[in-house]
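*Asks:* Below you'll find the structure I mean.
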Amino acid sequence: MAAFDTFIGLEVHIHLLTKTKVFCDCAFEYGAPPNTHVCPVCLGYPGVLPTVNREALKFSYMVGEALHCTPSEKTFFERKNYFYPDMSKNYQITQFQEPVGLGGYFEFKTQGKTKKIRIHDIHLEEDAGKMIHDGNRSLVDYNRAGTSLLEIVTEPDLSSGEEAEDFLQAFRQMVQYMGVCDGNMEEGSLRCDANISINKKGKGLGTKVEIKNMNSSRNVRIAMRYEQRRQARAKKTGTKIVQETRLWDAENKKTQKMRTKEAAHDYRYFPEPDIPPFIPDEQFKEAVRAAMVELPAVRKERMKGEYGLQNDMVDFLTAEKSRADFYEKVIASGADKETSAKWMKGEFTKLLSREGLDISTTNMTPQRFSDLMKLLGDGTIHANIAKQILEIILEEDKDPSVIISERELMRPAADASGLENLIKEIIALEPAAIADIKEGNQKAIGFLMGKVMKETKGSFDPATVRAKLLELLGI
Amino acid sequence: MAIDTKWSEILNSSENKGAYIKEVQDLDDEIGAFLQFDPDLGAALTTGGSENSLKGLPFAVKDNIAVKDFNLTCGSKILETFSSPYSATAVKRLLEAGAIPVGKVNLDEFGMGSATTNSALRKTVNPWNPDRVPGGSSGGSAAAVAAGMVPFSLGSDTGGSVRQPANFCGVYGLKPTYGAVSRYGLVAYASSLECIGILSESVDMMERVYETIKGSDPKDQTSRDASGEIPDLHHETMTIGVLESTEGLDEEVAQAYEEAINQCKSLGWNILPVTIDSLNYVVPVYYTIAAAEASANLARYTGVRYGHRSAQSTDVQSMTRETREEGFGSEVKSRIILGTYVLRSGFQDQYYVRAQKIRTRIKMDLAEVYEKVDLLMMPVFPTQAFPATGDSLTPFQQKLADRYTITANLAGLPAMSVPTGVKNGLPVGVQFMAPEFCETHLFKAAKAYEAIYRPQRASKSLHLIQEVR
């Protein structure tokens, strides 16, 4: 590969998290029964008109801002004409001459360095429905037809599959942070096509090949690597590289020439007469600014400094905005930075993934988590109890202090006299075990420990129990 | 409002209503205005109305405008079996005012034509003379009003399709300002040019209907309310701009135009001759833009979701091709082909973009003219209602003849055709054209003229309401 330069550009489509589709009032719900989220507008019935969703415009301008694009002062839509059954009007309403944002760049970390790639443009459009092939007939589900899609077109500034994957993950994290897209590539809410060309070092762009049908960032990486090798082999053997569209075959791990005649399409773009140009006014611009959030890269740096955390810990905490928000609220209510981070990454995350829960929607509020960390920190409870309380909060929706007082045996460690009395009682009831211990049988200590722990239902720290037991036994 | 009383007498008694239905059906066997006539279905849709509204008035709707549960054929085989699941906003507003849609009326397929002869479903004749066409594309809307079957109807005007048939049938026809009436529910032919318009037997009726259906609609983002005050007239008395040269008019039409100018003078109005050079470009500009938009607007008819589906298909491509081959008539096909041609990549600058530039120029020319005049008065069409067969106008001549009506569509301005008399047994008239949102000036002029000439009903018209106006 060293003899060649590789140029990869991406076309990323994100489904905007708007409440309704981009040109009608239908909602979108992934996996809903076919044709249940449709209306005369998105079905392209005679006489209906599209009306552009302002929230979709707002989200689009927000992404433009995050990507340092020049925002359009007068953006308009156009019709892209082609016949396909999943497109109800047989034209797609998209943007061409005057998209919401032009130019711009995006910085992300890859292979330990910061890479900056240029953005060509971002444009808002409608998605198509879905064709389902069923034996010798084809069915169409229009649930997805007309949902808001923002397309981000990069310049061919990426030079490897790894970079493309890193870009996608960083970009995905950013749009999730902004709340404009859920970033789910499996469900198709973030999709990516690529164009790739290689050429002898220093010779500039080669003949570009478009690659479609890669449904995960991992597949983008593998497909790019495959295509790099395929093209390099062609160069070496003197085979001409054809400008074409190829499909990624994830099963056989290779790209294949697309069979359709789509290549030579003349889309006959012209301005959409049903939607007037959109001119963002001050109020709109202000709403866009107000909705902007601290982006992941910036937040990571800030949190690293502010909380004195290690790289991998801050990476974990900022991986999702909801997680970073949760952590910062916990710290704001006075819990220890390191303990809280450790517990969030450890027990809490384990529990959330076991139960399949989302951090932002459980009974565990940052306040409760913070209280729990404080109880742990001042020695009121020990780690085992904290784990139990964590689980109980998720199930019962109660504050940690309430749980402790409700469960009698979950006595605070401070109740040391209670523990002493209990151990004395047990010693009196088990003379045989005491005799064994006096003869040097260490196992009998474990037996007594077990008795105490059972009686106290584990509410005391085992180390405390052991120390007390040995003390009372005079060992 | 004698006419309102008469209509409520007719439609409120089941006996009278039966007589009405029977007479319309009999009369329409000769005229052919209706594609669907069902007053009971319409009455079930009416939702309101108060005194002084349009309560109880029947109306007909051009069959390219959606009325819930009624057919929406667009005069085309491709939608012959399609019934609408929703109502157009303009129709909804009429229903809320208590008016009753009694049926859907004939048109040139998808609004493409000037004689209603391009309807794939029915032949409509002119109620003044069955050998003549009613005009088009809103031929059914005009014929139904002229024959007294309804006091008003809705039509659509893309390049004159309300004003020209109104003129041919001797009724009033209004093409409102672009955006003044919501297009939601009007089946699209040329989106940037067309409007829902009104055909009526009196100016008062026209004004009441316009007041009811106008106004911005969230379902149509190109719809607007008049911004600010409607400008006053320039002068105490109205100043009417008239064309210095009007070539190519038939003798009767030229005469009628001259007479109308004299009548204006007799009303005390100032007459100012004007020249509008860009008028020479309106026809090619119109057909370029209209065809381009039509080529996309009509792409949705493929038999996938509704309407006709060819039985000759083996796959999706052939289904699309055969369905459109069987479902569309030749005029529609020729405009789709023309539109596809002018939008080809590499040719847009030469055709579509150039047409848009000239369109802007036309608007500027007119804005200049309106600095001097309140209204322009122009002929509607170079001929009176022409014969349906024989030495009739060819499709190409019909297109050239659209030059007087097209201007208002290209510039988005309101225009109203007004009957001014009858010559050789056929109506003649003129049209007034105003600056945007100055419909009130049109009504003012038309009312003044109505006092001089009160249009008659056609020779073939409903006896039930013959004496009442």
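The values are calculated or read from the model by the stated rules, or taken from the named source; none is laboratory data. This is a predicted model, so every value here is computed, not measured. Methodologically, a virtual Cβ is constructed for each residue, glycine included, from the backbone with ideal geometry; neighbour enumeration extends over all protein chains shown. Each accessible area value is taken on the protein alone, full model and side chains, heavy atoms only, with ligands, DNA and RNA left out. Shrake-Rupley method; radii C 1.70, N 1.55, O 1.52, S 1.80 Å.
*Asks:* Condition check: farther than 17 Å from A:T154 by Cβ, modelled with pLDDT of 95 or more and in a helix (DSSP H, G or I). Does A:R221 satisfy that? Full working, then the answer.
*Replies:* Details: farther than 17 Å from A:T154 by Cβ: no; modelled with pLDDT of 95 or more: yes; in a helix (DSSP H, G or I): yes.
Spelling it out, it is not the case that A:R221 is farther than 17 Å from A:T154 by Cβ, modelled with pLDDT of 95 or more and in a helix (DSSP H, G or I).
*Asks:* Please verify whether segment B:71-82 includes one or more residues that are assigned to a loop (DSSP other than H, G, I, E, B), away from chain A (no Cβ under 14 Å) and open to solvent by 10 Å² or more (accessible area, probe 1.4 Å). Write out each step before concluding.
*Replies:* As a first pass, look at segment B:71-82 and keep what is assigned to a loop (DSSP other than H, G, I, E, B): B:72-76, B:80-82.
The next check asks that each one be away from chain A (no Cβ under 14 Å); those that pass are none.
Among the residues of segment B:71-82, not one is assigned to a loop (DSSP other than H, G, I, E, B), away from chain A (no Cβ under 14 Å) and open to solvent by 10 Å² or more (accessible area, probe 1.4 Å), which makes the answer no.
*Asks:* May I pose another question? Is segment B:178-192 home to any residue that is part of a strand (DSSP E or B), touching a residue at least 60 places away in the same chain (Cβ under 8 Å) and either among the hydroxyl-bearing types (S, T, Y) or more than 14 Å from chain A (Cβ to nearest Cβ) (or both)?
*Replies:* Residues of segment B:178-192 part of a strand (DSSP E or B): B:181, B:186.
With touching a residue at least 60 places away in the same chain (Cβ under 8 Å) added as a condition, the list becomes B:181, B:186.
Of the ones still in play, those that are also either among the hydroxyl-bearing types (S, T, Y) or more than 14 Å from chain A (Cβ to nearest Cβ) (or both) are none.
So far as segment B:178-192 goes, no, none of its residues is part of a strand (DSSP E or B), touching a residue at least 60 places away in the same chain (Cβ under 8 Å) and either among the hydroxyl-bearing types (S, T, Y) or more than 14 Å from chain A (Cβ to nearest Cβ) (or both).
*Asks:* Specify which of the listed residues (B:S161, B:S137, B:S153, B:S141) is away from every other protein chain (no Cβ under 14 Å) and part of a strand (DSSP E or B). Write out each step before concluding.
*Replies:* Numbers: B:S161 fails: part of a strand (DSSP E or B); B:S137 fails: part of a strand (DSSP E or B); B:S141 fails: part of a strand (DSSP E or B).
None of the others qualify; the one that does is B:S153.
*Asks:* Quick check on A:S138: is it out of contact with any Asp or Glu (no Cβ under 8 Å at 6 or more places or on another chain), assigned to a strand (DSSP E or B) and within 14 Å of chain B (Cβ to nearest Cβ)?
*Replies:* Judged against the criteria, A:S138 is a match.
*Asks:* Does A:E11 meet the test of being in a strand (DSSP E or B), surrounded by fewer than 22 Cβ atoms within 10 Å (Cβ to Cβ) and away from chain B (no Cβ under 14 Å)? Give the steps one after another, and end with the answer.
*Replies:* Numbers: in a strand (DSSP E or B): yes; surrounded by fewer than 22 Cβ atoms within 10 Å (Cβ to Cβ): yes; away from chain B (no Cβ under 14 Å): yes.
Judged against the criteria, A:E11 is a match.
*Asks:* For A:K398, which of the numbered conditions (1) farther than 27 Å from A:V465 by Cα; (2) open to solvent by less than 50 Å² (accessible area, probe 1.4 Å) fails to hold?
*Replies:* Every condition holds for A:K398 apart from (2).
*Asks:* Does at least one position in segment A:267-286 carry a residue that is under 33 Å from the mean Cα position of the chain (by Cα), in a loop (DSSP other than H, G, I, E, B), more than 30 Å from B:G412 (Cβ to Cβ) and of a type outside the set (S, T, Y)?
*Replies:* Initial filter on segment A:267-286 (under 33 Å from the mean Cα position of the chain (by Cα)): A:278-286.
Subset that is in a loop (DSSP other than H, G, I, E, B): A:279-281.
Filter once more, keeping what is more than 30 Å from B:G412 (Cβ to Cβ): none.
Looking for residues that are under 33 Å from the mean Cα position of the chain (by Cα), in a loop (DSSP other than H, G, I, E, B), more than 30 Å from B:G412 (Cβ to Cβ) and of a type outside the set (S, T, Y), one finds none in segment A:267-286, hence no.
*Asks:* Considering only segment B:290-304, I want to know if a residue exists there that is assigned to a helix (DSSP H, G or I) and more than 13 Å from chain A (Cβ to nearest Cβ). Don't jump to the end; show me each part of the working.
*Replies:* To start, the set of residues in segment B:290-304 that are assigned to a helix (DSSP H, G or I) comprises B:290-300.
Filter again for more than 13 Å from chain A (Cβ to nearest Cβ), leaving none.
For segment B:290-304, residues assigned to a helix (DSSP H, G or I) and more than 13 Å from chain A (Cβ to nearest Cβ): absent.
*Asks:* Another one. Take segment A:14-31 and flag every residue that is open to solvent by less than 30 Å² (accessible area, probe 1.4 Å) and in a loop (DSSP other than H, G, I, E, B). Spell out the reasoning first.
*Replies:* Of segment A:14-31, the ones open to solvent by less than 30 Å² (accessible area, probe 1.4 Å) are A:14-16, A:18, A:21-24, A:26.
Listed by number, the residues that qualify are A:L16, A:T18, A:K21, A:V22, A:F23, A:C24, A:C26.
*Asks:* Is it the case that some residue within segment B:12-27 is modelled with pLDDT of 95 or more, within 24 Å of the chain's Cα centre (by Cα), open to solvent by 20 Å² or more (accessible area, probe 1.4 Å) and of a type outside the set (A, V, I, L, M)?
*Replies:* Among the residues of segment B:12-27, at least one is modelled with pLDDT of 95 or more, within 24 Å of the chain's Cα centre (by Cα), open to solvent by 20 Å² or more (accessible area, probe 1.4 Å) and of a type outside the set (A, V, I, L, M), which makes the answer yes.
*Asks:* Can you list residue pairs whose Cβ atoms sit under 8 Å apart, with the first residue in segment B:271-300 being open to solvent by less than 20 Å² (accessible area, probe 1.4 Å) and of a type in the set (D, E) and the second being modelled with pLDDT of 95 or more and part of a helix (DSSP H, G or I)? Count only pairs 6 or more apart in sequence or on different chains.
*Replies:* B:E293/B:G339
*Asks:* Going by what's in this entry, would A:L375 be described as more than 21 Å from A:V298 (Cα to Cα) and open to solvent by less than 30 Å² (accessible area, probe 1.4 Å)?
*Replies:* Working: more than 21 Å from A:V298 (Cα to Cα): yes; open to solvent by less than 30 Å² (accessible area, probe 1.4 Å): no.
Criteria not met by A:L375.
*Asks:* Can you give me the number of residues within segment A:209-255 that are among the polar types (S, T, N, Q), open to solvent by 80 Å² or more (accessible area, probe 1.4 Å) and more than 17 Å from A:F4 (Cβ to Cβ)?
*Replies:* Of the residues in that region, 4 qualify.
*Asks:* I'd like the full set of residues that are among the small types (G, A, S) and either part of a helix (DSSP H, G or I) or in contact with a helix residue (DSSP H, G or I) (Cβ under 9 Å, 6 or more places away or on another chain) (or both), limited to segment B:340-378.
*Replies:* Kept after step one, since they are among the small types (G, A, S), are these residues of segment B:340-378: B:345-346, B:355, B:367.
Once the filter is applied, which keeps residues that are among the small types (G, A, S) and either part of a helix (DSSP H, G or I) or in contact with a helix residue (DSSP H, G or I) (Cβ under 9 Å, 6 or more places away or on another chain) (or both), segment B:340-378 yields B:A355, B:A367.
*Asks:* Examine segment B:200-223 for a residue that is open to solvent by less than 10 Å² (accessible area, probe 1.4 Å), among the β-branched types (V, I, T) and more than 12 Å from B:A90 (Cβ to Cβ), and state whether such a residue exists.
*Replies:* The answer is yes, given that some residue of segment B:200-223 is open to solvent by less than 10 Å² (accessible area, probe 1.4 Å), among the β-branched types (V, I, T) and more than 12 Å from B:A90 (Cβ to Cβ).
*Asks:* Filter segment B:194-225 down to the residues that are closer than 19 Å to B:K62 by Cα and in a strand (DSSP E or B), then identify the one that is farthest from the other protein chains (Cβ to nearest Cβ).
*Replies:* The residue in question is B:S200.
*Asks:* So in segment A:264-311, with the set limited to residues that are surrounded by fewer than 13 Cβ atoms within 10 Å (Cβ to Cβ), more than 14 Å from chain B (Cβ to nearest Cβ) and small (G, A, S), which one is nearest to B:V187 (Cα to Cα)?
*Replies:* Filtering segment A:264-311 for residues that are surrounded by fewer than 13 Cβ atoms within 10 Å (Cβ to Cβ), more than 14 Å from chain B (Cβ to nearest Cβ) and small (G, A, S), the one nearest to B:V187 (Cα to Cα) comes out as A:A290.
*Asks:* Now a separate question. State all residues of segment B:255-270 that are among the aliphatic types (A, V, I, L, M) and open to solvent by 40 Å² or more (accessible area, probe 1.4 Å); if no residue qualifies, say none.
*Replies:* Keep residues of segment B:255-270 that are among the aliphatic types (A, V, I, L, M), which gives B:256, B:260-261, B:267.
Across segment B:255-270, the qualifying residue is only B:L267.
*Asks:* Give B:V91, B:V61, B:V67 a once-over and let me know the one that is within 22 Å of B:Y306 (Cβ to Cβ), part of a helix (DSSP H, G or I) and either without any contact (Cβ under 8 Å) to a residue 12 or more places away in the chain or touching a Pro at 6+ places or on another chain (Cβ under 8 Å) (or both).
*Replies:* Working: B:V61 fails: part of a helix (DSSP H, G or I); B:V67 fails: part of a helix (DSSP H, G or I).
Unique residue meeting the criteria: B:V91.
*Asks:* Hey, another quick one. Would you please list the contacts, defined by Cβ atoms under 7 Å and residues six or more apart or on different chains, that run from a residue in segment B:378-403 that is among the aliphatic types (A, V, I, L, M) to a residue that is surrounded by fewer than 18 Cβ atoms within 10 Å (Cβ to Cβ) and in a loop (DSSP other than H, G, I, E, B)?
*Replies:* B:A388/B:D131
*Asks:* Working only within segment B:23-37, note down all residues that are without any contact (Cβ under 8 Å) to a residue 24 or more places away in the chain and farther than 25 Å from B:A66 by Cα. I'd like the intermediate steps shown before the answer.
*Replies:* Initial filter on segment B:23-37 (without any contact (Cβ under 8 Å) to a residue 24 or more places away in the chain): B:25-26, B:29.
Within segment B:23-37, B:D26 is the sole residue that qualifies.
*Asks:* Which one of the conditions (1) buried (at least 23 other Cβ atoms within 10 Å of the Cβ); (2) in contact with a Pro (Cβ under 7 Å, 6 or more places away or on another chain); (3) assigned to a helix (DSSP H, G or I) does A:M174 fail to meet, given that it meets all the rest?
*Replies:* (1)
*Asks:* Would you confirm whether any residue within segment B:20-32 is more than 14 Å from every other protein chain (Cβ to nearest Cβ) and part of a strand (DSSP E or B)? Walk me through how you get there before you give the answer.
*Replies:* Applying the first criterion (more than 14 Å from every other protein chain (Cβ to nearest Cβ)) to segment B:20-32 yields B:20-32.
Within this subset, residues satisfying the condition of being part of a strand (DSSP E or B) are none.
The answer is no, given that none of the residues of segment B:20-32 is more than 14 Å from every other protein chain (Cβ to nearest Cβ) and part of a strand (DSSP E or B).
*Asks:* Identify, please: which residue in segment B:348-360 is more than 10 Å from chain A (Cβ to nearest Cβ) and surrounded by 14 or more Cβ atoms within 10 Å (Cβ to Cβ) and is, among those, nearest to the chain's Cα centre (by Cα)?
*Replies:* First pass over segment B:348-360, keeping only residues more than 10 Å from chain A (Cβ to nearest Cβ): B:349-351, B:354-355, B:357-360.
Now narrow it down to the ones that are surrounded by 14 or more Cβ atoms within 10 Å (Cβ to Cβ): B:351, B:354-355, B:358-359.
Working: B:Y351: 27, B:R354: 27, B:A355: 23, B:I358: 24, B:R359: 21 Å.
If we take residues in segment B:348-360 being more than 10 Å from chain A (Cβ to nearest Cβ) and surrounded by 14 or more Cβ atoms within 10 Å (Cβ to Cβ), then B:R359 is nearest to the chain's Cα centre (by Cα).
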